[in-house]
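The values are calculated or read from the model by the stated rules, or taken from the named source; none is laboratory data. If you're wondering where the values come from, they're calculated on a predicted model, not measured in any experiment. Neighbour counts run over all protein chains shown; Cβ positions are idealised from the backbone, glycine included.
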Amino acid sequence: MILAGALVMAFVLVCTSKEKLPVFIEVEVKGVRMDTIGQTPVVILADKEGKKAIPMWIGLPEASAIGRELQNIPSQRPMTHDLLYSILGQLGAKVKEVKIVDLKDATYFAKIYLTANKERVEIDARPSDAITIALKAKSPIYVSASIFDQQGIALTQERGLGERYGIRAQELTASLASHFGFKGQKGVLVAEVLPKGPASVSGVKAGDIITKVNLKEVGSVQEFQEAVDATKAGESIRIQIFRDEKFEELQLAPK
């Protein structure tokens, strides 16, 4: 009986060890930007290596709170996050970490992990609130690796070929597509239009989604760059863009 019990325990331990635990990536808050299209604040979370970032649209009060924490600007009177953090301190609870754990229907979900009376406590929270509390506590922030794979935007310092037409493009994630009301399968997002460049002259705007270059569908920044590179020097390109729930075609002449 003792041997049988030991075998059962060993089997349970082996099975448990094979279970895959969720993987999380530590991130840094790179700042809060204003979405020029929707006039909505966006908080930028980037991995420690600076390879990928995730934009999250948040409310104005939360953006203001995060901005104050990043700039170390104290409030004249305690705001909501200040009050909550003060209460936690008075109760002897410490913020150990914050995790962005899930994404459902374009909505992110977060957890705040505390230690209180030597016990670990898990609290459901909005990511914007969780991020603010983590910044106040100087606690690490993590994002689910699966979310990072799906929604992360590659960060690169390399000059893209599309810049000769005055366009800087980025990958179109499901979250970004939902934000801009795009229901198509392929496209890249115009992240920036260079001043006085061909794209600017032709009316391309940041927030446009490019779906075709010279009648060829593009579904990634690489495909966009390859389509542009296939155009002979000095030739114009035709692009199809999605803006304000409709498609239109524009022609860009190179510099």
Answer with yes or no whether Asp129 is touching a residue at least 40 places away in the same chain (Cβ under 8 Å), part of a strand (DSSP E or B) and outside the structural domain of Phe242 (by TED's automatic domain parsing).
no
Unmet criterion (only one of (1) outside the structural domain of Ala46 (by TED's automatic domain parsing); (2) assigned to a loop (DSSP other than H, G, I, E, B)) for Ser139
(1)
Close pairs from region 22-34: first surrounded by 14 or more Cβ atoms within 10 Å (Cβ to Cβ), partner assigned to a loop (DSSP other than H, G, I, E, B) and of a type in the set (A, V, I, L, M, F, W, C), Cβ under 8 Å, at least 6 apart:
Val32/Ile58
Quickly run through region 213-247 and pick out the residues that are surrounded by 18 or more Cβ atoms within 10 Å (Cβ to Cβ), closer than 16 Å to Ala177 by Cβ and in contact with a strand residue (DSSP E or B) (Cβ under 7 Å, 6 or more places away or on another chain).
Val218, Val221, Phe224, Gln240, Ile241, Phe242
